[in-house]
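Below you'll find the structure, written out as structure tokens, and then a few comments.
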Amino acid sequence: MAQLDDIKGPGDLRGLTTAQLTDLADQLRRRIIETVAETGGHLASNLGVVELTLALHTVFDSPSDRLIWDVGHQSYTHKLITGRADRFATLRQYGGLSGFPKRSESPHDACETGHSSTSISVALGIATARDLKGEKYSVVAVIGDGSLTAGMAFEALNHAGEAGRDLLVVLNDNSMSISANVGGLPSYLSRIRTDPAYYRVKADVEAALRKIPAVGPSVARAAERIKDSLKYLVVPGVVFEELGFTYLGPIDGHNIPALQEVFRRARQTSGPVLVHVITEKGRGYEPAVREPDIFHGIGPFDVVSGRPIKKPSPPSYTEVFGSQLVELAENEPRLVAVTAAMSDGTGLKEFARRFPERFFDVAIAEQHAVTFAAGLARAGLRPVVAIYSTFLQRSYDQIVHDVCLSRLPVIFAIDRAGLVGQDGETHQGAFDIPYLRHIPNMCLMAPADENELRHMLATALALDGPVAIRYPRGPGVGVPLEGGAHALPVGKAVLLRSGSDLAIIALGQPVAAALEASEQLRRQGISASVVNARWVKPLDENLLLELARGTGNLLTVEDGAGQAGFGSAVLETLARHGVAARVACLALPDEFVPHGSQMELRRAVGIDSQGIAAKAQELLQDRVRERRA
Ligand SMILES: Cc1ncc(C[n+]2csc(CCOP(=O)(O)OP(=O)(O)O)c2C)c(N)n1
């Protein structure tokens with residue numbers, strides 16, 4: 001039997017029998033389960049595509065044929081059989097293998113991904129370039145049924161069907177997004193899977209074809225061709241057929257020979273082809289089959305019991321948001337909640353249970369989620385749209401055009417703002433301050449702790465216009481949560497500590513580190529004010545100007561991109577008022593921050609307490625040098 005560790009590339013799979021590939025699938029599953037139990041990761045999605053990945057790599061010739069994994073969270077088997085098995089234990093660790101495809105890791109990774117529903121567009125672009133350059137290779141996009149619900153996937157299908165280029169779309173249908181899939185398209189796919197009427201029609205067509213008599217060799221060849229094309233031009237995929245695709249399927253996604261056969265056929269078919277593959281999310285690991293949503297993305301867990309290994313920690317910002325929203329909704333019947341396929345990730349499960357009529361999961365459709373919320377607000381409701389910072393990037397125009405232009409009271413609960421950790425570049429919540437700060441009518445806050453998040457939600461509800469609250473992934477700082485949430489003064493920062501040498505103005509999560517840094521500085525004889533900024537917009541200009549005129553040294557700290565971020569807002573304010581001060585800005589660098597633990601990444605970019613203290617010293621030394629010069 002072939003050993004997983006001996007597979008150095010897809011070439012080593014060639015010639016393996018079905019029995020050998022099946023045995024390899026077992027080894028792959030074991031390796032994935034054991035590794036993810038240590039590192040955390042996207043377990044259930046990966047367990048579902050082991051055979052699918054083996055079949056693709058035995059039929060297609062990567063890297064000259066391009067395999068594009070939508071989202072890329074299901075690429076572990078692909079990584080393991082493309083020369084990365086020896087490093088697989090470093091998955092998602094700082095400096096180790098990424099949990100998503102990365103061209104820097106392997107020529108077999110055709111592009112960087114992490115956000116959903118991009119694969120068909122990029123595959124079509126590559127196929128178009130291939131044709132224009134007169135090159136010959138196959139392009140394959142593998143997309144899940146959840147990812148197919150996003151507008152971009154529809155846009156790409158629409159274009160690809162008409163363009164008619166050779167392109168294979170593999171629809172990996174496990175009937176799940178992270179949780180149960182939402183909407184008309186999933187219902188359609190489910191009918192294809194389960195409605196016997198479809199199979200009857202398919203069987204009828206095939207039976208009729210078998211009766212076509214063969215008359216002479218050329219007629220026989222033609223009849224064979226018609227049989228072939230008609231046989232696979234089966235009724236179930238009529239929607240895809242109408243869009244211009246040849247539909248093949250549905251195929252059992254755990255049957256390697258069946259998959260290999262359909263992929264060979266797809267490779268020979270000209271024009272765009274959609275192969276509909278049915279897989280089981282979590283396949284081969286009972287706890288993941290039972291709870292595919294929990295095991296979609298999971299931290300370290302115990303393999304035997306399937307239970308997460310959790311260190312005791314304060315409630316997460318997400319949990320505090322979820323329970324506070326339920327509390328507010330009890331007294332505010334207009335409050336409704338919107339999620340884009342992330343009800344669990346954004347902490348809305350309890351809200352959905354308590355107020356099913358007021359909860360909307362719109363599928364992976366961030367743009368639609370925002371404009372839908374605009375409609376809700378326009379007609380008198382108070383929608384709260386809970387979306388991760390990185391995925392809200394998709395909705396920039398909807399925020400500008402549909403919400404802010406009309407000054408609609410939509411509350412944006414921006415979870416996973418700042419450094420998110422192990423999911424890396426594609427998931428860091430780096431850009432929300434820059435992409436929101438400049439939009440007229442928008443207010444933007446960031447809590448320093450989980451209790452402040454509660455008050456900020458109450459504040460947002462009291463305001464009559466668009467408001468965004470950005471808060472980090474992970475546990476809060478552990479402050480007490482008792483007492484009702486109350487509205488905070490708008491545009492007012494909080495002076496936490498007064499000092500005479502410089503002022504550290506921190507926003508959100510880094511406030512705690514700024515306080516620690518001020519302690520370290522105090523021990524070195526440096527006296528620092530510390531401000532919890534709370535608001536990016538409106539900014540507490542009075543306090544800022546006062547501090548700038550006072551010590552003349554300001555250090556801003558934020559866990560978002562530096563360009564056009566919070567520090568930039570401070571600099572703009574000083575410039576507008578003609579106040580000269582020495583200002584240093586600590587923020588995320590002008591580069592994509594890779595994966596690692598949040599702590600490691602904060603240290604690496606210098607927004608932990610040591611980094612803040614060092615930057616403060618640097619600022620003061622420059623000042624001393626300047627004075628001497
Ligand atoms: C734009 C965007 N929104 C949300 C997500 C979070 N997300 C990652 S995977 C996933 C579900 C994907 O479902 P599907 O495509 O069916 O893949 P499966 O995990 O079921 O194999 C979601 C919502 C994302 N990666 N990108």
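Percent relative contact order of region 494-628, based on C-alpha pairs within less than 8 angstrom and at least six residues apart? Mind showing how you got there, number by number?
Details: 231 pairs, mean separation 36.9, N = 135.
That works out to 27 percent.
If amide hydrogens are placed 1.01 Å from N in the peptide plane, which non-local residues have theirs closer than 5 Å to the one on Gly183?
Counting only residues 5 or more places away or on other chains, the set is empty.
Quick one: of the DSSP bridges fully inside region 484-574, what percent are antiparallel, nearest 5?
Given both bridge residues lie in region 484-574, the antiparallel proportion sits at roughly 25 percent.
If you average the C-alpha positions of region 397-430 and of region 535-565 separately, how far apart do those two centres end up, in angstrom?
22
Of all beta bridges DSSP finds with both residues in the chain, what is the antiparallel percent, to the nearest 5? Write down the numbers at each step before the final one.
Numbers: 10 of 66 bridges.
Of those bridges, close to 15 percent are antiparallel.
Could you order peptides 94-101, 385-392, 57-64 by the average number of other Cβ atoms within 10 Å of their residues, highest first? Please report the intermediate quantities before stating the final value.
Numbers: 94-101: 21.1, 385-392: 26.6, 57-64: 18.8.
Going from most to least packed, we get 385-392, 94-101, 57-64.
Return the tail of the calculated pair distribution for region 494-628, meaning the percent of Cα-Cα pairs more than 17 Å apart.
55
Residues with beta-carbon under 15 Å from that of Ala561, excluding Ala561: net charge, scoring Lys, Arg +1 and Asp, Glu -1? If you can, show how the numbers build up before the last one.
On the way: positive: Arg416, Arg437, Arg470, Arg602; negative: Glu425, Asp432, Glu558, Asp559, Asp590, Glu591.
Local net charge: -2.
Debye sum, Cα scatterers, the chain, no solvent: what log₁₀ I/I(0) at q = 0.09, 0.10, 0.12 1/Å?
Reported log10 I(q)/I(0), two decimals: -0.79, -0.94, -1.23.
Can you give the Rg to Rh ratio of region 92-165, both from alpha-carbon atoms, with Rh computed by the Kirkwood formula? Intermediate values should be presented prior to the final figure.
Numbers: Rg = 14.0 Å, Rh = 13.7 Å.
In region 92-165, Rg relative to Rh is 1.03.
Short version: what are the Cα gyration tensor semi-axes of region 134-199, square root of 5 times each eigenvalue, largest first, in whole Å? Mind showing how you got there, number by number?
Numbers: eigenvalues 124, 42, 27 Å².
Largest first, region 134-199 gives 25, 14, 12 Å.
Helix-only mean residue ellipticity at 222 nm, the chain, DSSP H runs n ≥ 4 weighted -39,500 (n - 2.57), per residue, nearest 500. What is it?
Numbers: 23 runs with 255 residues, N = 629.
Mean residue ellipticity, 222 nm, calculated: -12500 deg cm²/dmol.
Can you tell me the 0 to 90 degree angle between the C-alpha axis of helix 541-550 and the longest principal axis of the chain, rounded to 10?
50
For region 474-629, what is the percent of antiparallel DSSP beta bridges, rounded to the nearest 5? Intermediate results must be reported in sequence, preceding the final value.
Values: 3 of 18 bridges.
The antiparallel fraction comes to roughly 15 percent.
Place a +1 charge on the Cβ of each Lys and Arg in region 549-629 and a -1 charge on the Cβ of each Asp and Glu, then give the dipole magnitude about the Cα centre in debye, rounded to the nearest 20.
Numbers: 10 positive and 10 negative charges, 111 e Å.
Using only the charged Cβ atoms, the result is roughly 540 debye.
Check Val583: other-chain or 5+ apart residues with amide H under 5 Å from its amide H, H built from backbone geometry?
Placed amide hydrogens put Leu554 under 5 Å from Val583.
Averaged over every viewing direction, what's the projected area of the C-alpha convex hull for region 317-470? Give it in nm², one decimal, please. Could the numbers behind the result be given before it?
Numbers: hull surface 31.7 nm².
Seen from a random direction, the Cα hull of region 317-470 projects 7.9 nm² on average.
Relative contact order, percent, of the chain when contacts are C-alpha pairs under 8 Å separated by at least 6 residues?
Reported relative contact order: 11 percent.
Would you mind checking the tilt of helix 450-462 against the longest principal axis of the Cα atoms of the chain, expressed as 0 to 90 degrees and rounded to 10?
Helix 450-462 sits roughly 90 degrees off the main axis of the chain.
Could you work out how much longer the chain between Glu155 and Thr17 gets when fully extended? Use 0.36 nm per residue separation minus the Cα distance between them, nm to one decimal. It would help to have the intermediate numbers written out before the result.
Values: separation 138, 0.36 × 138 = 49.68 nm, distance 3.94 nm.
Length gained between Glu155 and Thr17: 45.7 nm.
Can you give the Rg and Dmax of region 546-601 based on its C-alpha atoms, in angstrom?
For region 546-601, the Cα radius of gyration and maximum Cα-Cα distance read 13.6, 41 Å.
Where does the Debye-calculated log10 I(q)/I(0) of region 11-75 sit at q = 0.13, 0.15, 0.25, 0.27 Å⁻¹, using only Cα point scatterers of equal weight, no solvent?
With one equal scatterer per Cα and no solvent, log10 I(q)/I(0) is -0.39, -0.52, -1.16, -1.22.
Could you pull the Rg and Dmax for region 1-115, using just the Cα atoms, both in Å?
12.9, 37
Using the 10 angstrom Cβ neighbour count as an exposure proxy, how do Asp131, Asp464, Asp432 rank, fewest first?
Working: Asp131 13, Asp464 10, Asp432 27.
Lowest to highest Cβ neighbour count: Asp464, Asp131, Asp432.
For region 299-316, what does the Karplus curve 6.51 cos²θ - 1.76 cosθ + 1.60, with θ = phi - 60°, yield as ³J(HN,Hα) per residue in whole Hz, taken in order and with x for Gly and Pro?
Per-residue couplings from phi come out as x, x, 9, 8, 4, 5, 8, x, 8, x, 9, 10, 7, x, 8, x, x, 6 Hz.
Pop out the Kirkwood hydrodynamic radius of region 45-180 from its pairwise C-alpha distances, inverse of mean 1/r, in Å to one decimal. Write down the numbers at each step before the final one.
Values: mean 1/r = 0.0656 Å⁻¹.
Computed over Cα pairs of region 45-180, the Kirkwood hydrodynamic radius comes out at 15.2 Å.
Calculate one ³J(HN,Hα) per residue across region 271-288 by plugging θ = phi - 60° into the Karplus curve 6.51 cos²θ - 1.76 cosθ + 1.60, and present them in order as whole Hz with x for glycine and proline.
Whole-Hz 3J(HN,Hα) from phi for region 271-288: x, x, 10, 10, 9, 9, 10, 9, 10, 10, 5, x, 2, x, 9, 3, x, 6.
How much of the pair distance distribution for region 394-476 lies past 21 Å, counting alpha-carbon pairs only, in percent? Show your work: numbers first, answer last.
Numbers: 1034 of 3403 pairs.
Cα-Cα pairs of region 394-476 separated by over 21 Å account for 30 percent.
Mind pulling the angle between the C-alpha long axis of helix 366-378 and the longest principal axis of the chain? Nearest 10 degrees, somewhere in 0 to 90.
Taking Cα atoms only, the helix is inclined about 60 degrees.
Once phi is turned into ³J(HN,Hα) by the Karplus curve 6.51 cos²θ - 1.76 cosθ + 1.60 with θ = phi - 60°, what whole-Hz value does each residue of region 53-58 show in order, with x for glycine and proline?
Result, ordered by residue: 5, 4, 5, 4, 6, 8 Hz.
None of the figures in this text is laboratory data; all of them are computed from the coordinates on show. Fair warning: this is a prediction, and the values are worked out from it, not measured in the lab. Glycine also receives a Cβ, built like all others from the backbone with ideal geometry; neighbour counts cover every protein chain displayed.
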